[in-house]
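*Asks:* Structure in C-alpha cells, see below.
The values are calculated or read from the model by the stated rules, or taken from the named source; none is laboratory data. Only a predicted model underlies this, so the values are computations on that prediction, with no experimental measurement involved. When we count neighbours, we look across all protein chains shown, and the Cβ atoms used for this are built from the backbone with ideal geometry, even at glycine.
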C-alpha cells in the first residue's frame, strides 16, 4: 500500500518499456485519471477500470500484466515502469516478466492511496484470494483531534499515538512510544475536559481507554476496557453528562464491501462499571454518526 499527499502528480508512460520517450508532460492526479492511463499502457493487457469502495472510500480497480517475453535490459533505463510521480521518477517499477498486478486506486480525503496485489500466473489461487481479501478489507485511520479550550490543549491522534498540542507549548506525546506495538486512535475529551478517551489496538485485541488529564497536560489513572477482539479501534463519543461512551462498529457484507451488513451496531460503555451494551442494527457511518 502506498499513500501519496494530496496534489501528487502521477506520470504514467504510454509504454512502460519505453518510459523515457513516452512519458507524458501532463500529470494524472485523480483515481479516474490514473486508472484510465494505466489501462491504456502498451503491452499491459489491462482490464477495464471498475468502480470500487474500500474502507468507505471510492476509487477504481484494474489488473495489469507484464508480458512474459519482455527483456528489461532492452527497455529504456533497463526499467519497466508503471508510473512515476513528481517527486519520484521511479515510483513504481515492475519486478520481472509475467508479473500480474491487481491495483486499487482510492481517493482518501483528497490523498491518493494505491493498493497492489502482486503475483504470477503460477501463484496458488488461495494465495491470490488471500491477497485480494486483505486489499479489499483495508481500513484507513486518519489523524483525529479533540480540543479542550478551557486549558488550551488539543489532543491529536497521529501515527498510532496520542499527542497534546497547544499554541504556546511544544507538542507532547502523552500516549504511546516509538517502540511499542500498540496503536491508539481517535482521542476525545470528555465534556468537562478532564478525561480523554481513545481507541486502543494491539495484535487484534481492541479496547477503549480513558485517562485523566490535568491542566498541565499530564495524563494519569489509565483505565482500559476490552470491547471485543477483531474489531476496528473504537472512535469514542461521550454522552453529555460524561457517564457513557459510544462507538460504532460498521460491519460490511463480505460479498459486497460497499454494503453495510446486518449486524452493524453501536456499543455503549458505561463508565461506572465498565459494562458494554450492544445496540444492534445501527449503521456506524464513520464510527461517530449512527443511522438506523
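*Asks:* Inspect all residues belonging to the stretch 111-126 and state whether any of them is surrounded by fewer than 19 Cβ atoms within 10 Å (Cβ to Cβ), under 25 Å from residue 5 (Cβ atoms) and in contact with a helix residue (DSSP H, G or I) (Cβ under 6 Å, 6 or more places away or on another chain). Break it down into steps so the answer makes sense when it comes.
*Replies:* Narrowing the stretch 111-126 to residues surrounded by fewer than 19 Cβ atoms within 10 Å (Cβ to Cβ): 111, 116, 118-126.
Cutting the leftovers down to under 25 Å from residue 5 (Cβ atoms) gives us 111, 116, 118.
Those still in the list that are in contact with a helix residue (DSSP H, G or I) (Cβ under 6 Å, 6 or more places away or on another chain) too: none.
Within the stretch 111-126, none of the residues are surrounded by fewer than 19 Cβ atoms within 10 Å (Cβ to Cβ), under 25 Å from residue 5 (Cβ atoms) and in contact with a helix residue (DSSP H, G or I) (Cβ under 6 Å, 6 or more places away or on another chain).
*Asks:* Does residue 84 fit the bill of being in contact (Cβ under 8 Å) with a residue 60 or more places away in the chain, buried (at least 16 other Cβ atoms within 10 Å of the Cβ), closer than 30 Å to residue 188 by Cα and in contact with a strand residue (DSSP E or B) (Cβ under 9 Å, 6 or more places away or on another chain)? Even if it seems obvious, please write down each step before you answer.
*Replies:* Numbers: in contact (Cβ under 8 Å) with a residue 60 or more places away in the chain: yes; buried (at least 16 other Cβ atoms within 10 Å of the Cβ): yes; closer than 30 Å to residue 188 by Cα: no; in contact with a strand residue (DSSP E or B) (Cβ under 9 Å, 6 or more places away or on another chain): yes.
Judged against the criteria, residue 84 is not a match.
*Asks:* Can residue 14 be described as in the same structural domain as residue 131 (by TED's automatic domain parsing), more than 18 Å from residue 132 (Cα to Cα), in a strand (DSSP E or B) and over 19 Å from the mean Cα position of the chain (by Cα)?
*Replies:* Criteria not met by residue 14.
*Asks:* Any residue that is surrounded by 14 or more Cβ atoms within 10 Å (Cβ to Cβ) and at pLDDT 85 or above - is there at least one of those in the stretch 145-155?
*Replies:* Step one: filter the stretch 145-155 for residues surrounded by 14 or more Cβ atoms within 10 Å (Cβ to Cβ), giving 145-148, 151-155.
From what is left, the residues that are at pLDDT 85 or above are 154-155.
Yes - at least one qualifying residue is present in the stretch 145-155.
*Asks:* Does the stretch 190-200 contain any residue that is without any contact (Cβ under 8 Å) to a residue 40 or more places away in the chain and either assigned to a loop (DSSP other than H, G, I, E, B) or under 27 Å from residue 152 (Cβ atoms) (or both)?
*Replies:* We begin by selecting, within the stretch 190-200, every residue without any contact (Cβ under 8 Å) to a residue 40 or more places away in the chain; these are 194, 200.
Those left that are additionally either assigned to a loop (DSSP other than H, G, I, E, B) or under 27 Å from residue 152 (Cβ atoms) (or both): 194, 200.
Yes, that holds for at least one residue.
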